[in-house]
Structures are given as C-alpha cells and as structure tokens.
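This report concerns only the one structure given below.
The values are calculated or read from the model by the stated rules, or taken from the named source; none is laboratory data. Worth saying up front: this structure is predicted, and the values here are computed from it rather than measured. Quick reminder, even Gly has a Cβ in these numbers, built from the backbone with ideal geometry, and neighbours come from all protein chains shown.
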Amino acid sequence: MARSCGIRLGPRRYEVVVLDGSPKKHKIAAFEAGEFDPHAGDWVKAAAATLKDVAKRLSLPRDNVGLVIDSGHAAFRRLSMPFSDKEKIEQVIKYEVESELPQWNIDEVIVDWHMLASTETSSELLVTAVPKADIQAALDVTTGAGIEPFEVELETSAMVNAAVAANLCNLDDAQVLVHIGDHSTSVVVMDAGEVREMRVIHIGALTHEVLPPAAEGEGEESGEESAEKEAEAALDPIEASRRIDQAIKRIRRELGRTLSGARTVNAIDAIYVCGMELPGLVGSKVLDVPVYILDCFEEDSGQPADGFGQLVVAYGAAVRELGGGLMHPSLRREELRFTGTWERIEFPLAVACLLLTTFLGVVFILQKRELEYLDLNGVRYWLESSNNFLLGTPRNNTSGHMNPPPQEIVDFASQFKADSGVEPPMPPLEALAKIKEMVEEEIIGVRRQLGQDTAIRQPQSALVGAHLVLSAFEKNAAQWRPSIWQIKAETEPPRPRDKRPEAVVVTLHLVFHAATSREAVRNYEAFLATCGNLPGFIEAPLQKTQVLDDGHGIEVIGQKVTINVQEYYDRLAEKAAGGKG
C-alpha cells in the first residue's frame with residue numbers, strides 16, 4: 001500500500017497529514033496541527049526541532065513527502081506566449097516575466113507556471129514567483145528534522161488538489177477556494193474544473209497578534225524586564241476582538257473584489273474556506289455567494305471531528321504525492337533539474353543491478369561447474385596422455401620422446417598424476433600450456449649448445465654488399481666499358497659516435513675504357529651516381545684517377561662504396577608484404 005505525507009509550514013503554525021492508499025481511495029493514517037514557539041530566537045532551529053519530534057511520534061515516511069509553504073511572499077501574474085511548446089516556455093519564462101516583477105531580482109526567485117489555455121500558436125499562463133530564500137528556509141527546517149521533501153509548492157496549488165480530489169470542482173459550475181493562513185490568505189478562482197486565477201491577501205488569522213517593533217535606541221534588557229514588557233504589550237481581549245473583526249472585514253472586502261473581477265464562464269455558486277477559522281466567515285455570504293467550509297474528507301476516513309479545515313492544504317500535498325491532483329507545481333525545479341531524474345530511477349536501477357548481479361552469479365556457478373567437469377573428465381586425460389608421450393611411463397618401462405627427460409619437467413608433470421596424492425597447483429589446461437613452455441625452453445637450450453642459437457645476430461653479408469655494387473654496372477656495362485682488376489668487401493662495425501650503422505665497405509680497383517680520358521671521367525661519375533641510388537647506400541667518395549698511357553681511359557685505385565645491407569633486406573620485406581596484400 002502506498003504511503004505519502006503532506007507538510008505545511010507557516011510562519012507560526014504547521015500541519016501534517018499522512019495518507020495510506022491510492023489517489024482515488026485512501027485513508028488518513030496520522031495527522032497533527034500545532035504551533036511553533038513564537039519566542040524562539042532561531043526560528044529555523046526551533047521549527048526543525050518541533051518537526052523532528054512530530055516525525056518521530058507519527059513515524060512519517062521518508063519517501064513521497066510534499067512540502068507546502070506560505071503564499072504570503074509569492075506573486076501571481078498572467079502571461080501570454082506566442083507558442084505552446086512546454087520546452088520553449090521553460091527556456092524563456094524567466095525573461096518574459098522579469099518585467100512583471102520589478103520588486104525582485106529575477107535571479108533571486110523561482111518562477112513556476114501553470115497553463116490556463118493553449119492553442120497550436122499561443123498559450124495563456126498563470127505564472128508564480130517565489131523568493132528562493134523563503135523556499136530554502138522551509139527546506140532547512142525539514143532537512144534539520146531529518147525529512148527530505150521531493151517537491152515544494154504553495155498553499156494555492158495544494159488547496160486546488162485537495163478540492164479536486166473531493167470532487168468539489170465540476171464542469172458546470174465555478175467556485176472560489178480560500179485558505180486562511182497565519183499572516184496571509186490564498187485565493188483561487190475555479191471554473192469548469194480548471195484554475196482561472198490566483199491571488200494572495202496579505203492578512204491572516206494571526207495578523208492581529210503581530211506586535212510593533214521596539215523603538216530605536218532601546219538597549220538589550222534582562223529576561224524579567226522583557227517578560228514584563230511582553231505582558232504589558234499583549235493585546236487585551238477587546239483590542240484582539242477589534243483587530244479580528246477588521247481582518248474579517250478586509251478579507252470579505254477582498255473576496256468581494258475577487259468575485260466582481262472574476263472572468264468565469266459559469267456563475268460562481270460557492271466560496272469554500274479552509275485553514276484557520278475566523279468567526280462569522282463560514283455560513284455567511286459575500287455578494288450573495290454563500291461561504292462553506294472546504295470539506296475534502298470522506299466520512300470515517302480518519303480526519304478529526306473538529307478543526308479539519310486546517311488540514312486541507314497538507315492533505316492536498318499528500319494526495320499529490322500519491323499521484324493525484326490537478327496541479328503539479330515545481331518550486332525545486334532549478335535544484336532538482338538534474339538530480340530529480342536520477343532520484344526517480346534510482347530504485348528501479350538498483351533492482352536491475354541486483355537482478356543482473358544475481359544472474360551473473362548463477363552463470364558463474366554454472367560455468368565453474370562445467371569447467372571443473374571438463375578439467376576432470378577431458379583435459380586431465382589429455383594432460384596425462386601428453387606427459388606419457390613426452391616423458392614415458394616408468395610403470396610400463398617405456399620411454400618418451402624426450403630421452404632423457406629434464407628433471408624439472410618430470411617433477412612438474414608428476415603433480416598431475418591421478419595417484420600422486422598432491423593437490424595440483426593449477427588447472428590441467430594451464431598445466432598443458434606450462435609444460436609446452438618448459439619444452440620450448442629446453443629446445444632453445446639444446447640449440448644454443450649446438451651453435452644454432454638464432455638469438456645471436458649475424459654480421460651483414462659482405463657478399464651481398466659486393467653484389468649490390470656490381471649490380472650498378474649491369475645496365476651500363478656496354479657504355480662505360482669497365483674493367484674490374486680487383487674487388488674486396490668487408491663488414492664494418494657500427495660507429496655510434498658518428499651515428500653510423502653497421503655496413504659493408506666494398507673497395508674496387510677498376511679501369512674505365514673510352515675514346516678519350518674526358519669521356520671515361522664522365523662514365524666514372526655516372527657510376528658513382530648510380531651507386532647513390534642503390535638501397536642502403538651510405539657514401540662513395542670520389543677518388544683520384546690516372547689516365548692510361550694510350551689516353552683511351554682512366555684508372556681508379558681504391559674506390560670505396562659503403563652499403564647498409566640491412567636496409568636492402570628491409571626493402572625486400574616491404575615489397576614482399578605489399579605483394580601479399
């Protein structure tokens with residue numbers, strides 16, 4: 001069964017209503033109305049302490065709590081918009097209403113709105129503005145009492161929700177709803193079951209008890225002197241009665257103005273009053289419109305026999321938290337813009353995580369059992385067969401393919417025998433991989449002993465370097481007419497100081513034949529240029545030449561060409577990879 005709570009906080013009084021049930025059918029589980037200490041120095045702390053005691057006595061729920069605050073400092077405005085999209089209204093509402101609230105800085109108020117009427121191209125809004133300081137003070141009280149209301153609203157909207165839940169507002173009539181608070185009176189005009197107008201009258205049932213402030217220049221007084229002055233300043237019954245009569249007359253006069261200026265389709269047939277009682281108001285008429293008490297409680301639903309009118313607003317907030325009501329204002333819209341969504345999905349998300357964790361736990365147990373079965377009935381036999389193949393079976397005097405087997409592998413494999421009596425250090429599948437690794441290490445060790453260690457890097461091939469240099473003559477031998485008398489190739493170690501890698505130095509003693517020595521020199525230079533295009537070429541310094549005795553060529557002694565053979569191999573590997581791709 002759903003449970004909700006509505007709390008109204010006024011400057012002097014509070015009301016609490018707890019409901020059990022659904023929006024359509026519910027019952028009052030607990031209620032209380034009381035007054036805060038008027039002489040408390042810190043109102044927030046005193047109110048929080050009082051509310052905390054109430055929450056403990058009534059066992060107030062921690063969820064579905066609605067808070068109603070006094071409408072005395074709120075402002076209500078009608079505003080027309082050239083569109084009806086709710087997202088657009090949310091974006092511009094503060095800027096549009098700012099000029100209607102000159103008494104406040106727009107950044108210091110919370111602006112809420114209710115759509116009165118709308119078409120595809122326009123909308124009529126009832127805008128409510130409340131100072132953030134008033135909302136925060138009420139939240140400080142509830143937070144200090146250990147209560148966290150999800151939403152905050154005014155007395156006006158809570159009263160409307162209570163009247164709608166009681167079926168007092170129908171399609172063929174109009175009413176005025178009135179809530180008499182501590183120092184203010186909230187008024188709502190209803191027509192055809194819809195809100196038409198809201199306003200606040202700045203006078204309430206306890207306004208006559210407000211004492212004038214102390215005169216300037218009066219210093220601090222002792223407790224006894226202060227108590228004596230309070231007793232002297234207390235209103236006598238005659239003055240109190242006079243002020244109450246004035247308050248009733250002013251409220252009646254303002255209600256008459258509301259009736260006269262109300263723009264309703266149906267005639268207003270009743271005024272429903274809730275909140276604190278004022279003598280002579282209920283049962284009278286205002287401009288021939290009868291005044292009734294706003295009775296929103298069903299018989300035997302748990303309400304008090306007398307004074308139930310003061311619980312109406314708290315009841316309306318509780319009904320809204322159950323999911324009912326016509327209005328759903330949000331005075332914590334800026335504070336809960338991002339956290340509200342998370343708070344609403346927090347419980348479903350927690351349940352989903354719990355179910356997911358349970359599912360994963362069951363899957364883990366099943367997978368573990370399946371793996372254990374495979375280890376014991378499948379992989380274990382394969383492991384024993386592999387060990388017998390490699391190491392042999394001493395019981396049958398058979399030798400394995402590793403003869404003699406390394407003692408390290410024998411000791412490790414013996415742990416997995418069925419009759420070893422030792423708890424295996426790892427699962428059979430991991431043991432297979434471990435034995436394979438140990439065998440590979442043993443193979444590498446044998447190869448190292450035989451001089452076949454591929455980890456030892458071989459020097460660059462002098463033959464390949466000489467071949468690369470000789471390939472420079474391949475296409476131009478007929479033109480250059482070279483004659484190689486001597487060729488020598490040596491591998492040169494790297495020279496880190498000169499940032500020079502390992503290379504092959506090819507030394508040539510050759511002759512270039514030609515018609516003239518000049519032509520032979522040109523052929524020699526072309527040869528050096530061709531060497532510069534060889535893969536891995538590093539350098540080929542120009543050497544002195546000697547003209548042949550007959551003048552038909554030149555002789556070059558000690559021509560050196562340096563080649564990085566590794567770069568040549570790298571290029572071949574790149575070409576091979578490109579061809580495969």
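When you scan the range 483-492, do you find a residue that is farther than 18 Å from P459 by Cα and charged (D, E, K, R), even just one? The answer is no, given that none of the residues of the range 483-492 is farther than 18 Å from P459 by Cα and charged (D, E, K, R). Being over 52 Å from the mean Cα position of the chain (by Cα), without any contact (Cβ under 8 Å) to a residue 12 or more places away in the chain and either surrounded by 14 or more Cβ atoms within 10 Å (Cβ to Cβ) or more than 28 Å from V152 (Cα to Cα) (or both) is the requirement here; does S260 meet it? In short, no. Within the range 455-477, the residues that satisfy the criterion of being part of a helix (DSSP H, G or I) and not β-branched (V, I, T) are A462, L463, G465, A466, H467, L468, L470, S471, A472, F473, A477.
Taken together, V187, V210 contain a single residue that is farther than 28 Å from D37 by Cβ and either over 43 Å from the mean Cα position of the chain (by Cα) or at pLDDT 85 or above (or both), which is V187. Of all residues in the range 554-568, those that are assigned by TED's automatic domain parsing to the domain that holds C531 have Cβ atoms under 8 Å from Cβ atoms of residues that are among the hydroxyl-bearing types (S, T, Y) and not in a strand (DSSP E or B), 6 or more apart or on another chain, in I554/S517; I554/Y524; V556/Y524; V565/S461. Looking at L60, L79, just one residue is at pLDDT below 95, among the aliphatic types (A, V, I, L, M) and in contact with a Cys (Cβ under 6 Å, 6 or more places away or on another chain), and that residue is L60.
Picking from residues in the range 273-290 that are touching a strand residue (DSSP E or B) at 6+ places or on another chain (Cβ under 9 Å) and among the charged types (D, E, K, R), the one that is modelled with the lowest pLDDT is E277. When every residue of the range 23-43 is checked against the conditions, at least one turns out to be within 26 Å of M276 (Cβ to Cβ), at pLDDT below 90 and part of a helix (DSSP H, G or I). Take the range 488-510 and flag every residue that is closer than 24 Å to Y568 by Cα and surrounded by 14 or more Cβ atoms within 10 Å (Cβ to Cβ). Answer for the range 488-510, where residues must be closer than 24 Å to Y568 by Cα and surrounded by 14 or more Cβ atoms within 10 Å (Cβ to Cβ): A489, T491, E492, R500, P501, E502, A503, V504, V505, V506, T507, L508. Going by the structure shown, is S241 surrounded by 12 or more Cβ atoms within 10 Å (Cβ to Cβ), at pLDDT below 75 and part of a helix (DSSP H, G or I)? When the stated conditions are applied, S241 does not pass them. If you scan the range 96-117, which residues turn out to be closer than 30 Å to G193 by Cα and free of Cβ contacts under 8 Å to residues at least 60 places away in the same chain? Correct list: E96, V97, E98, E100, L101, V109, V111, W113, M115, A117.
When the test is whether a residue is in a helix (DSSP H, G or I), in contact (Cβ under 8 Å) with a residue 12 or more places away in the chain and either acidic (D, E) or buried (at least 16 other Cβ atoms within 10 Å of the Cβ) (or both), T50 passes it. In the range 373-412, which residue that is among the charged types (D, E, K, R) and modelled with pLDDT of 75 or more is surrounded by the most Cβ atoms within 10 Å (Cβ to Cβ)? Per the stated criteria, the residue is E384. Being within 60 Å of the chain's Cα centre (by Cα), surrounded by 14 or more Cβ atoms within 10 Å (Cβ to Cβ) and over 21 Å from K488 (Cβ atoms) is the filter here, so list the residues in the range 536-581 that pass it. Within the range 536-581, E567, Y569 qualify. Within the range 422-435, the set of residues being touching a helix residue (DSSP H, G or I) at 6+ places or on another chain (Cβ under 9 Å) and closer than 20 Å to P406 by Cβ comprises V422, P424, P425, M426, A431, L432, K434, I435.
Summed over the range 491-503, residues that are assigned to a strand (DSSP E or B) and either over 12 Å from V565 (Cβ atoms) or outside the structural domain of N564 (by TED's automatic domain parsing) (or both) total 2. One residue stands out in the range 159-176 among those that are part of a loop (DSSP other than H, G, I, E, B) and in contact (Cβ under 8 Å) with a residue 24 or more places away in the chain: the one that is farthest from V282 (Cα to Cα), namely D172. Yes or no: the range 85-105 includes at least one residue that is assigned by TED's automatic domain parsing to the domain that holds M276 and closer than 29 Å to A33 by Cα. No, the range 85-105 contains no residue that is assigned by TED's automatic domain parsing to the domain that holds M276 and closer than 29 Å to A33 by Cα. For the range 531-545, taking the residues that are out of contact with any Gly (no Cβ under 8 Å at 6 or more places or on another chain) and assigned to a loop (DSSP other than H, G, I, E, B), the one that is farthest from A515 (Cα to Cα) is identified as G536.
Scanning the range 177-208 for residues that are part of a strand (DSSP E or B), more than 19 Å from V282 (Cα to Cα) and among the small types (G, A, S) yields a count of 0. Of everything in the range 34-47 that's hydrophobic (A, V, I, L, M, F, W, C) and surrounded by fewer than 18 Cβ atoms within 10 Å (Cβ to Cβ), which residue is farthest from V141 (Cα to Cα)? Residue satisfying both the conditions and the ranking: A40. List the pairs whose first member sits in the range 314-325 and is touching a residue at least 12 places away in the same chain (Cβ under 8 Å), whose second member is acidic (D, E), and whose Cβ atoms are under 6 Å apart, counting only residues at least 6 apart or on separate chains? Note: pairs meeting the criteria are A314/E15.
Can you give me the number of residues within the range 546-578 that are hydrophobic (A, V, I, L, M, F, W, C) and either within 16 Å of S483 (Cβ to Cβ) or part of a strand (DSSP E or B) (or both)? Total meeting the criteria: 7.
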